[in-house]
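See below for the structure under consideration.
Just so it is clear, none of the values below were taken in a lab; they were calculated from the coordinates. All values reported here derive from a predicted model rather than from experimental measurement. No Cβ is skipped: glycine too gets one built from the backbone with ideal geometry, and neighbour counts run over all protein chains shown.
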Amino acid sequence: MKKSLIGDLSSREKEIIPLLAEGMRYKDIAARLHVSTETIRTHVRNIYRKLEVSSRTEALNKVYGRRE
């Protein structure tokens with residue numbers, strides 16, 4: 001992960017990024033982290049806002065340094 005981009009993310013948001021990269025669905029991430037699906041939705045919305053992206057693919061590309 002690019003340190004400069006993830007600096008503003010919370011520890012939970014940083015925990016969610018690799019799970020998104022695995023292709024996990026929100027409900028599966030929620031089950032793994034023992035929270036509600038809506039909580040995951042909120043975290044993902046915050047990730048998108050902080051990274052200034054609008055999709056999972058854009059977020060992962062930005063975080064993992066693929067095409068910018």
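I'd like to check something: does the range 33-42 contain any residue that is without any contact (Cβ under 8 Å) to a residue 40 or more places away in the chain, closer than 21 Å to GLY7 by Cβ and within 12 Å of the chain's Cα centre (by Cα)?
The answer is yes, given that some residue of the range 33-42 is without any contact (Cβ under 8 Å) to a residue 40 or more places away in the chain, closer than 21 Å to GLY7 by Cβ and within 12 Å of the chain's Cα centre (by Cα).
Residues in the range 25-68 that are part of a loop (DSSP other than H, G, I, E, B) and not charged (D, E, K, R): HIS34, VAL35, SER36, VAL53, SER54, SER55, GLY65.
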